[in-house]
Amino acid sequence: MTYELFIGDYAYSSWSLRGWLLFRKLDIAPTVQLVDFHKAEVAEQLTDIVPARTVPAMRTPEGTVIWDSLAMAEELHSRYPDAGLWPSDPATRGLGRALAAEMHSGYSALRSECPMNLRTAYRDVPLSDATRGDIARIETVWAHARNLYSDQGPWLLGEYSIADIAFAPVAARFAGYDVALSDIAQFYVETHLSDPWFREWREMGLSIGETLAHYAIPFDTKPWPGPA
Ligand SMILES: N[C@@H](CCC(=O)N[C@@H](CS)C(=O)NCC(=O)O)C(=O)O
């Protein structure tokens, strides 16, 4: 038995991207069960794994259902502590957990105003003050981490970790909504856009599933601002 990973549409499901990146980082190939946003409500497609109602969710080899991306991240880290999902240094790991937790519970204006859509990039997007506040806060915490760890690699804690998995969809939103950023934040967004695992996910997002009208926003569009 291996892990089963339940995910939503590659182009649109920001939380699912996180769940999938966890397994990519672990180099474990789960059995992927695709929940089609076009077909029916998510919860209706998850009746096989009660009480999950959202994606991502995973069923472990022994049958436990875990239905939240941060819970999945922490459980997988506990099971594979040497795989590098979190760094071994407690101070670095503590900062990473604060970053991932803030992402997990925050930035609601950005999340509702700029839903992830890997099929489209917009330009000249009018953003609300609340979303601008979220963006400023994200730039602050990214700069805090990058100022401490940039000599150890291009990611928030130097090396790729759950903190970066947590923020990958935010990077996609900043790219897709033409958000003007500081140099530090722009570098970090470009690091995600160039990441082979992010690109692999986006490639599936371009080729698998329907284009969902629900996610279309009437702004001018522009080419995707990263490598295909
Ligand atoms: N906190 C959850 C949120 C997951 C979530 O909201 N997923 C969305 C898709 S990106 C979903 O399944 N929505 C369906 C619904 O709310 O009915 C997590 O981190 O996994």
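Points worth noting:
- Extreme residue, nearest to Gly96 (Cα to Cα), among residues of the range 154-198 that are among the charged types (D, E, K, R) and part of a loop (DSSP other than H, G, I, E, B): Asp195
- Of the criteria (1) surrounded by 20 or more Cβ atoms within 10 Å (Cβ to Cβ); (2) farther than 20 Å from Ser161 by Cα, which one Ala57 fails: (2)
- Across the range 123-143, the number of residues qualifying as buried (at least 19 other Cβ atoms within 10 Å of the Cβ) and over 16 Å from Ser182 (Cβ atoms) comes to 1.
Conditions tested, residue by residue: (1) in the same structural domain as Ser13 (by TED's automatic domain parsing); (2) within 29 Å of Thr140 (Cβ to Cβ); (3) not in a helix (DSSP H, G or I); (4) not aliphatic (A, V, I, L, M).
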{"position": "Trp201", "(1), (2), (3), (4)": "no, yes, no, yes"}
{"position": "Leu206", "(1), (2), (3), (4)": "no, no, no, no"}
{"position": "Glu210", "(1), (2), (3), (4)": "no, no, yes, yes"}
{"position": "Thr221", "(1), (2), (3), (4)": "no, no, yes, yes"}
{"position": "Gly226", "(1), (2), (3), (4)": "no, yes, yes, yes"}
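- Members of the range 34-76 found to be more than 12 Å from the ligand (Cβ to nearest atom), assigned to a loop (DSSP other than H, G, I, E, B), under 22 Å from the mean Cα position of the chain (by Cα) and more than 15 Å from Ser13 (Cα to Cα), listed by number: Thr60
- Phe23, sole failed condition from (1) crowded, with 17+ Cβ neighbours inside 10 Å; (2) near the ligand (Cβ under 10 Å from one of its atoms); (3) at pLDDT 95 or above: (2)
- Extreme residue, farthest from Ala29 (Cα to Cα), among residues of the range 77-103 that are among the charged types (D, E, K, R) and within 16 Å of the ligand (Cβ to nearest atom): Glu102
- Of all residues in the range 1-16 being within 22 Å of Ser78 (Cβ to Cβ) and out of contact with any Lys or Arg (no Cβ under 6 Å at 6 or more places or on another chain), the one that is nearest to the ligand (Cβ to nearest atom): Trp15
- Filter result for Ala11 (of a type in the set (A, V, I, L, M), outside any helix (DSSP H, G or I), under 20 Å from the mean Cα position of the chain (by Cα) and more than 30 Å from Leu148 (Cα to Cα)): yes
- Unique residue being touching an Asp or Glu at 6+ places or on another chain (Cβ under 8 Å) and not assigned by TED's automatic domain parsing to the domain that holds Trp15 when the list is Ala185, Ala171, Ala163, Ala175: Ala185
The values are calculated or read from the model by the stated rules, or taken from the named source; none is laboratory data. A quick note: this is a predicted structure, and the numbers were derived from the prediction, not measured. As a convention, Cβ positions derive from the backbone with ideal geometry for all residues, glycine included, and neighbour counts pool all protein chains shown.
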